[in-house]
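A short worksheet on the structure shown next.
Derivation of every value follows stated rules applied to the coordinates shown; laboratory data play no part. What you are looking at is a predicted structure, and each value in this text was computed from that prediction instead of being measured. No Cβ is skipped: glycine too gets one built from the backbone with ideal geometry, and neighbour counts run over all protein chains shown.
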Amino acid sequence: MYRLIKPIFFQFDPEKVHHFVVKRLKWFHEHFPLGKTILRSSFDIHVKGLEREVFGIRFKNPVGLAAGFDKNGEYVEALSDLGFGFIEVGTVTPLPQPGNDLPRMFRLPENSALINRMGFNNKGVDTLAERLRALKAKDKTIVVGGNIGKNKNTPNEDAVNDYVKCFDRLFDVVDYFVVNVSSPNTPGLRELQEKEPLTLLLKTLQERNHKNGIVRPILLKIAPDLTNEQLDDIVDIVKETGIAGVIATNTTIDRSGLYNAAEHATETGGLSGKPLTQRSTEVIRYLSEKSNKAFPIIGVGGIHSPQDAKDKLEAGASLVQLYTGFIYEGPGIVKRICKELVN
Ligand SMILES: Cc1cc2nc3c(=O)[nH]c(=O)nc-3n(C[C@H](O)[C@H](O)[C@H](O)COP(=O)(O)O)c2cc1C
């Protein structure tokens, strides 16, 4: 079915198609007679062998939706019907911001890839917190991660305050946190991956990480473009600050994985999809080996098939996420991966 629809979607601007599709999906979930049941029976999968507990949270399956797809937490329930074991919302910033000028998302079909320079377009943490509060009041079973960042206009010296604001505001309504310092589309953000500012940021969040006896797992999302020395630092920092784990990886600024001079290949932004598959798996393996599996890793980057997911799990990931593979392969990919994992 998706094979028939995809060529039509791919005729139009990717960001417009994204909004068109998720809005229809939400409407179908909420208003179409038996919509929820139809979606769940087509895409969702419940098998005991897929369940797992990671950083103290129970996941119905290990395949999640990566950050950036539902930045404002508007579609969590409908997306959960598509079989995802968890949904990561955001990246959210303290204040709403429009993001970069359009167009800012590009398809590279010859490479099964996307380049994006969205720039953290989002409606701000207050709006997201209210929405998630309403969701949690209705349904506590969906595992939701909150991916947090800083506003574009906040200088790096004040970045900690932005992360703290988002952290405090979302504490009661998310199951885990992701500290995003790896997006290539906010000028200077990736400098926060350096040892000193990163340690300060994570320590500050960890100090606040308790409320009514609850401690939320905090994960750090890293870029695939870090050197081995920088990855060694990441292992040290995770151990030193005691955060729960790492998400590897965000999009890449490297273009060497593009196997031809495709249209849009020279656009500025983060590259995702198949050209990232191998590098992100390498980063997972390196972190897992260097740390002696000291902390869980969520593996993300170029998962387009069940084998890609298995490779990341075998390299040391405890859970996986996807975004670009979902666009190219369609919603059926989640169930296909889950079925293969059971086998
Ligand atoms: C259009 C788009 C927007 C994204 N926005 C975010 C974001 O806001 N925060 C974030 O941490 N990652 C963001 N990502 C990165 C994805 O979460 C993921 O780490 C990356 O795309 C690699 O996975 P994939 O190859 O399965 O897409 C975005 C990716 C895309 C394609």
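The alpha-carbon atoms of the chain define a convex hull whose volume equals 129 cubic angstrom per residue.
The stretch 51-147: D in µm²/s via Stokes-Einstein (Kirkwood Rh, Cα pairs, 10 °C, 1.306 mPa s)? Can you show the working numbers first?
Values: Rh = 14.6 Å.
D, rounded to a whole number, is 109 µm²/s.
Only one residue of Cys338, Leu192, Val246 has its Cα farthest out toward the positive end of the dipole of the chain, where Lys and Arg carry +1 and Asp and Glu -1 on Cβ, and that residue is Cys338. Multiplying the residue separation of Glu207 and Leu95 by 0.36 nm and subtracting their alpha-carbon distance yields 38.0 nm. When the chain is treated as a GNM with alpha-carbon contacts under 10 Å, the residue of Asn147, Asn228, Asn250 showing the greatest mean-square fluctuation is Asn228.
Averaging the Cα positions of each part gives two centres, and for the stretch 240-257 and the stretch 76-152 these lie 18 Å apart.
Within the listed set Gly332, Gly245, Gly270, the Gaussian network model of the chain (springs between alpha-carbon atoms below 10 Å) gives the highest mean-square fluctuation for Gly332.
Selection among Leu82, Leu102, Asn121 by position relative to the dipole of the chain gives Leu82 as farthest towards the positive end (Cβ unit charges, Cα centre). Springs between alpha-carbon atoms under 10 Å, Gaussian network over the chain: tell me which of Ser182, Ser42, Ser318 tops the mean-square fluctuations. Top of the fluctuation ranking is Ser42. When you restrict to C-alpha pairs under 8 Å that are six or more residues apart and normalise by the size of the stretch 2-342, the relative contact order lands at 17 percent. Taking a ≥ b ≥ c as the square roots of the eigenvalues of the Cα gyration tensor of the stretch 271-343, is the shape rounded (a/c under 1.5), prolate (a/b larger than b/c) or oblate? Cα axes put the stretch 271-343 in the oblate bin. For the chain, excluding the exposed loop sites themselves (chymotrypsin sites (Phe, Trp or Tyr not before Pro), DSSP loop, at most 14 other Cβ atoms within 10 Å), the longest remaining stretch covers 13-258. Please label the shape of the stretch 105-218 as rounded, prolate or oblate, based on the square roots a ≥ b ≥ c of the eigenvalues of the alpha-carbon gyration tensor (a/c under 1.5 means rounded; beyond that, a/b larger than b/c means prolate, else oblate). The shape class here is oblate. A helix-only calculation puts the chain at -12000 deg cm²/dmol for mean residue ellipticity at 222 nm, using -39500 (n - 2.57) for each DSSP H run of at least four residues, averaged over all residues.
Give the Debye-formula value of log10 I(q)/I(0) at each listed q (0.22 Å⁻¹), with one equal scatterer per alpha carbon of the stretch 196-296, two decimals each. Debye intensities relative to I(0), on a log10 scale: -1.11.
Once you divide the Cα radius of gyration of the stretch 94-165 by 2.2 N^0.38 Å, the number left is 1.40. Whole-Hz Karplus values for the stretch 329-343 come out as 9, x, x, x, 4, 5, 5, 4, 5, 4, 4, 5, 5, 5, 5 Hz, taken residue by residue from phi with 6.51 cos²θ - 1.76 cosθ + 1.60 and θ = phi - 60°; glycine and proline positions read x. A convex hull fitted to the Cα coordinates of the stretch 37-78 yields 100 cubic angstrom per residue. Can you grab the distance from the C-alpha centre of the stretch 299-334 to the C-alpha centre of the stretch 169-219, Å, no decimals? Spelled out, the Cα-based centre of one part sits 24 Å from the other.
The length gained on full extension between Glu263 and Lys136, counted as 0.36 nm times the residue separation minus their Cα-Cα distance, comes to 41.5 nm.
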